[in-house]
Amino acid sequence: MGSKAGEKVRPIIDGLEEKLTPTICLAEVYAKTLKVEGRELAEKQRKFVKGRSALIHLDEAIAIKSAEIDAAFKKQIEGWGLADSIVYATGILKEAMIITGDIHFRNLKNVIFIK
């Protein structure tokens, strides 16, 4: 979207390392873009995400780990949501770094915080 944060993350997106995207993230991006910019850009972004990363679906293992994380982190991090738990659980179970600008993840392990 031409932001400073986008410029910081560009080398990661363009890099050769495998990238994973939880489907909940795709839903969040699509919904926000649909509301603000419309379906055409939402579809363009969906295709970009799918072209640059593997989509990770919510399976039983991720669901259970998400519930455990959610129960613990809602007490520790104000505004923490189930979607945050799904993203974090996916990163843990897939042994992947989480790259985000979401303030809820700022001080967590295995997170590259971009702002």
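Quick rundown of the values:
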item: Contacts under 8 angstrom Cβ, first residue in the range 1-25 being among the small types (Gly, Ala, Ser), partner modelled with pLDDT under 85 and part of a loop (DSSP other than H, G, I, E, B), 6 or more apart; result: Ala5/Lys115
item: Index of the failed condition, Trp80 passing every other in (1) part of a helix (DSSP H, G or I); (2) at pLDDT 95 or above; result: (1)
item: Given (1) within 22 Å of Lys4 (Cα to Cα); (2) free of Cβ contacts under 8 Å to residues at least 60 places away in the same chain; (3) of a type in the set (A, V, I, L, M), index of the condition Ile64 fails; result: (1)
item: Candidate set from the range 1-41 (those that are among the aliphatic types (A, V, I, L, M) and assigned to a loop (DSSP other than H, G, I, E, B)); member that is nearest to Ala63 (Cα to Cα); result: Leu16
item: Residues (among the β-branched types (Val, Ile, Thr), in contact (Cβ under 8 Å) with a residue 60 or more places away in the chain and either touching an Asp or Glu at 6+ places or on another chain (Cβ under 9 Å) or within 13 Å of Glu28 (Cβ to Cβ) (or both)) located in the range 82-112; result: Ile86, Val87
item: Val49 being out of contact with any strand residue (DSSP E or B) (no Cβ under 8 Å at 6 or more places or on another chain) and without any contact (Cβ under 8 Å) to a residue 40 or more places away in the chain; result: no
item: When residues of the range 17-62 are limited to those that are over 13 Å from the mean Cα position of the chain (by Cα) and β-branched (Val, Ile, Thr), the one surrounded by the fewest Cβ atoms within 10 Å (Cβ to Cβ); result: Val36
item: Test result for Lys75, part of a loop (DSSP other than H, G, I, E, B) and at pLDDT below 95; result: no
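Each row is one residue, and each column tells you yes or no for (1) in contact with a Pro (Cβ under 8 Å, 6 or more places away or on another chain); (2) surrounded by fewer than 16 Cβ atoms within 10 Å (Cβ to Cβ); (3) at pLDDT 95 or above; (4) assigned to a loop (DSSP other than H, G, I, E, B).
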site: Ile64; (1), (2), (3), (4): no, yes, yes, no
site: Ala71; (1), (2), (3), (4): no, yes, yes, no
site: Asp84; (1), (2), (3), (4): no, no, yes, no
site: Ala89; (1), (2), (3), (4): no, no, yes, no
site: Glu95; (1), (2), (3), (4): no, yes, yes, yes
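The values are calculated or read from the model by the stated rules, or taken from the named source; none is laboratory data. All values reported here derive from a predicted model rather than from experimental measurement. Please note: Cβ atoms are built from the backbone with ideal geometry, for glycine as well, and neighbour counts cover all protein chains shown.
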